[in-house]
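Step one of this worksheet: look at the structure below.
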Amino acid sequence: MSEFYDEYSESLDGEFRKLEDALLSDEVRLLAPSEPIRLTADASVADAVTRMVDNRRAGVVIVDAAGRLIGIFTERDLLTRVVRSGRDLARTRLGDVMTSDPEALTIDDRVCFAINRMHAAGYRTVPLVDAGHRPIGIVTVNDVLGWLARVFPEAILNLRPGDRVKRPAQMDGG
């Protein structure tokens, strides 16, 4: 045992093993994904934004007539493809500004794969689909953070004195 190895180092080793086990064994279903808001490509951006705000969601999924996923429209799409271009929200169709044929996950995928895809591709919002490619959920970065808080509740609940925590009901821009 090295002179730098102590109880703290030993507890860190245990925490890292716990995280590794959870990453490799937990499935996306444990991220508690939200029910998706489904719209068609003909719906307006204004309708999508209203539903996103009313339901506190980061995006909506776009489906075809059979209910299969054909696109996603997120806050990032709103800013980069609509607001930045000066488009009229009421007249702009989702089909014109959505991300077509987005990468999707299933509830059986591992959390480590979801994190890999979100990190490597820069996604903050990923749709979940069933075997028929119909949207059944949406996973966000916040879902991953919530999962981490559940894996390590002691690290979240045992904040050192003086740390300020935002009130849960307080809304902010993020």
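Derivation of every value follows stated rules applied to the coordinates shown; laboratory data play no part. Keep in mind that this is a model prediction, so the values were computed, not measured. Here the Cβ is made from the backbone with ideal geometry for all residues, glycine too, and neighbour counts use every protein chain on show.
Computed values, structure above
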quantity: Selection from Ala120, Gly67, Asn55, by position along the positive dipole direction of the range 51-162 (Cβ); calculated: Asn55
quantity: Computed lengthening from Ala121 to Arg93, 0.36 nm per intervening residue step minus Cα-Cα distance; calculated: 7.5 nm
quantity: Distance histogram for the range 77-151 (every C-alpha pair counted, 5 angstrom bins, percent rounded to whole numbers); calculated: 3, 13, 21, 19, 16, 13, 9, 4, 1
quantity: Under the Debye formula (equal points on every Cα, no solvent term), log10 I(q)/I(0) of the range 27-157 at q = 0.12, 0.14, 0.17, 0.20 Å⁻¹; calculated: -0.46, -0.61, -0.86, -1.12
quantity: Length released on extending from Val141 to Arg76, taking residue separation times 0.36 nm less the Cα-Cα span; calculated: 22.1 nm
quantity: Per-residue Cβ neighbour rank within 10 angstrom, fewest leading, His133, His119; calculated: His119, His133
quantity: Net +/- balance of residues flanking Arg110 in space, Cβ distance below 10 Å, scoring K and R +1, D and E -1; calculated: -4
quantity: Summed residue charge, Cβ within 14 Å of Thr140's Cβ, Lys/Arg positive, Asp/Glu negative; calculated: +2
quantity: Full-extension gain in nm, Asp54 to Arg17, via 0.36 nm per residue minus C-alpha separation; calculated: 9.3 nm
quantity: Label point distance in nm, Asp108-Arg29, each placed 7 Å from Cα along Cα→Cβ; calculated: 1.0 nm
quantity: Sparsely packed trypsin sites (Lys or Arg not before Pro) within the range 58-93, loop by DSSP, other Cβ within 10 Å at most 12; calculated: Arg84, Arg91
